[in-house]
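Here is the structure we will look at, set down as structure tokens.
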Amino acid sequence: MKTRVYISLAILLAIPLIYLSSCSKVKELTAVDVSMKLPRTHFTYTATDLKSGSEVILFSEHVTVNLDSILNVYGLSSGIINSTSFTYLAVTIEQPADSTFHWLSSMRATIADNAAFQTENQIGSVTNTDPTLKTVVITTNNVNIRPYLTNPSFYLRVYAVLNGPLPAVTVGMFLDGTIQLHIEPL
């Protein structure tokens with residue numbers, strides 16, 4: 001009689017464990033890794049009277065991730081973004097057309113969850129070793145930016161250290177980026 005009670009109790013305890021573990025396995029199997037290109041962003045930087053070696057803000061913007069569209073593409077009715085990181089980030093000179101980054105010493109990119117960048121985290125950097133380049137690719141740090149995504153959006157900033165005068169009073173550039181999102185259905 002005691003054996004039946006123990007077996008019944010063991011079965012009653014095992015059913016929820018099996019159900020809960022299978023749900024997490026289903027979530028793992030239905031999770032989607034999405035590589036999302038950020039829209040190309042055009043911006044300008046105007047020369048200042050800063051001395052060489054000073055760090056300046058080259059670019060600062062609010063970036064929104066359209067989660068609803070991504071979920072729709074993958075046939076998910078709802079979901080959450082888990083780990084997310086930048087896989088590519090680059091700045092390219094557009095105007096003057098014949099200019100290069102000869103005036104750039106280094107560059108770094110940061111992310112924040114607020115426009116004031118009160119708590120920013122560096123996501124990548126680069127030292128310009130080739131002054132003939134028109135595009136500088138920032139080496140990303142594989143930092144999980146999920147804590148900085150709100151609604152889901154974030155603030156991105158690119159700093160630059162100049163080593164000489166700009167090729168024109170205003171330099172037109174564009175920023176390209178790609179992020180990797182790990183999305184799990186609810």
**Answer residue from the range 116-133, given it is open to solvent by 30 Å² or more (accessible area, probe 1.4 Å) and under 16 Å from the mean Cα position of the chain (by Cα) and is farthest from Leu166 (Cα to Cα) among those** = Thr119
**Request:** Residues being surrounded by fewer than 13 Cβ atoms within 10 Å (Cβ to Cβ) and over 22 Å from Ile179 (Cα atoms): count how many of those fall in the range 78-114.
**Result:** 2
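Results for (1) open to solvent by 10 Å² or more (accessible area, probe 1.4 Å); (2) part of a loop (DSSP other than H, G, I, E, B), shown as yes or no for each residue.
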site	(1), (2)
Asn142	yes, yes
Pro147	yes, no
Tyr155	yes, no
Val158	no, no
Leu166	yes, yes
Met173	no, no
Gly177	no, no
Leu181	no, no
**Complete:** For Arg108, the lone unmet condition from (1) closer than 14 Å to Val158 by Cα; (2) of a type in the set (D, E, K, R); (3) not in a strand (DSSP E or B) is (3)
**Per-region count, the range 27-46, residues at pLDDT below 80 and surrounded by 11 or more Cβ atoms within 10 Å (Cβ to Cβ)** = 2
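Kindly indicate whether Thr132 is over 24 Å from His102 (Cα atoms) and of a type in the set (Val, Ile, Thr). First the steps, then the outcome.
On the way: over 24 Å from His102 (Cα atoms): no; of a type in the set (Val, Ile, Thr): yes.
So Thr132 fails the test.
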**Item:** Odd one out for Leu50 among (1) modelled with pLDDT under 65; (2) open to solvent by 70 Å² or more (accessible area, probe 1.4 Å); (3) assigned to a helix (DSSP H, G or I)
**Value:** (3)
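The values are calculated or read from the model by the stated rules, or taken from the named source; none is laboratory data. Just so it is clear, the model here is predicted, and its values are computed rather than measured. Note that we place each Cβ from the backbone using ideal geometry, even for glycine, and neighbour counts take in every protein chain shown. Note: accessible area is taken over every heavy atom of the protein model, side chains too, but ligands, DNA and RNA are not part of it. Shrake-Rupley method; radii C 1.70, N 1.55, O 1.52, S 1.80 Å.
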